[in-house]
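Encoded as structure tokens, the structure appears first; notes follow it.
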Amino acid sequence: MPIYKPFKKTLPPSVQKDKDSQKCGLRHTVYSVCGNEYTGEWLENKKHGKGIQVWKKAGAVYHGEWKYGKRDGYGTYSVQIPETKEYARKYCGQWKNGKKHGYGTYFFDSSAVYEGEWADDQHNGWGRMYYENGDIYEGEWLNHKTHGRGIIRFSNGNWYEGSWRDGKRNGDGKFYYSDKGLLYEGFWVDGIAKCGTFVDVGRESAPSPPQFPFPEIQLVDMELVLREARAACQCHH
């Protein structure tokens, strides 16, 4: 009577290799052919959990959370400075599906800094921007542009508070001229003031106020005139 040996199932070499390497849980550093390095946790052969990724060619490093092979959760992305070979932070905050998403801070190459909400790698929602020239904007954003309600304080003391659209002053707003002690309140279209009123504010302490004070408006119905002028601007826009 013949004797049958049980069939021993063998896995494909590549699958067996991954199984042997145990890419699940905490691992030591894994090196790529191109020189990249990853040290951290794995799940089902994908970066998952906490880990550090170093991109040699790009000169960048990410230290934070991962989810099924993509940056997801909280993490810091840094780039290498060619002159010193040291790493400088570019972004620290929340990620989702490999993109900046949630609340985070981004450091530009200059001294400019943005801190606030992100969606799909862009400024979206509320955020504060510190510009290189000293200006500060605080308010709403849409796809990297000021959009919605917000206030910008200029380094020279002037400020604007009001509506924005596509990165420009649009809609109702107030602009204060610190050197003249004047406050303009009115309607804007694409960054240009179209109709409104001027009043003296802090004239006594202003460096170079107008020679004569602004007279009070004597119109019977000032609001009606402003509404009609605003309507005309909106029609032509």
TODO: Could you check how many residues of segment 111-127 are farther than 20 Å from H63 by Cβ and open to solvent by 50 Å² or more (accessible area, probe 1.4 Å)?
DONE: 5
TODO: May I ask you to verify whether Y137 is within 29 Å of G157 (Cα to Cα) and in a strand (DSSP E or B)?
DONE: yes
TODO: Being open to solvent by less than 60 Å² (accessible area, probe 1.4 Å) and closer than 21 Å to T76 by Cα is the filter; apply it to segment 1-31 and report the residue that is modelled with the highest pLDDT.
DONE: V30
TODO: Would you be able to say whether some residue in segment 115-129 is more than 30 Å from K46 (Cβ to Cβ) and of a type in the set (A, V, I, L, M, F, W, C)?
DONE: yes
- [ ] Just name the residue that is farthest from G196 (Cα to Cα) out of those in segment 145-177 that are among the acidic types (D, E) and out of contact with any His (no Cβ under 8 Å at 6 or more places or on another chain).
- [x] E161
Task: Output for segment 189-213, where each listed residue is out of contact with any Cys (no Cβ under 9 Å at 6 or more places or on another chain), within 26 Å of W164 (Cβ to Cβ) and assigned to a strand (DSSP E or B) - done: I192, A193, G196, T197, F198, V199
- [ ] Of the conditions (1) within 21 Å of the chain's Cα centre (by Cα); (2) part of a strand (DSSP E or B), S111 clears all except one; give me its number.
- [x] (2)
Task: Residues of segment 62-99 satisfying the condition of being of a type in the set (S, T, Y) and assigned to a strand (DSSP E or B) - done: Y62, Y74, T76, Y77, S78, Y87, Y91
Open item on the list: I'm trying to understand the selection: among the residues of segment 141-183, which are under 23 Å from D109 (Cα atoms) and surrounded by fewer than 19 Cβ atoms within 10 Å (Cβ to Cβ)?
Closed with: L142, N143, H144, K145, R153, F154, S155, G167
Open item on the list: Take the residues in segment 36-56 that are hydrophobic (A, V, I, L, M, F, W, C) and more than 27 Å from the chain's Cα centre (by Cα); name whichever of them is least open to solvent (accessible area, probe 1.4 Å).
Closed with: W42
Task: Check on A206, modelled with pLDDT under 75, open to solvent by less than 70 Å² (accessible area, probe 1.4 Å) and of a type in the set (A, V, I, L, M) - done: no
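The values are calculated or read from the model by the stated rules, or taken from the named source; none is laboratory data. Only a predicted model underlies this, so the values are computations on that prediction, with no experimental measurement involved. As a convention, Cβ positions derive from the backbone with ideal geometry for all residues, glycine included, and neighbour counts pool all protein chains shown. Only protein heavy atoms, including side chains, enter the accessible area calculation; ligands, DNA and RNA are left aside. Shrake-Rupley method; radii C 1.70, N 1.55, O 1.52, S 1.80 Å.
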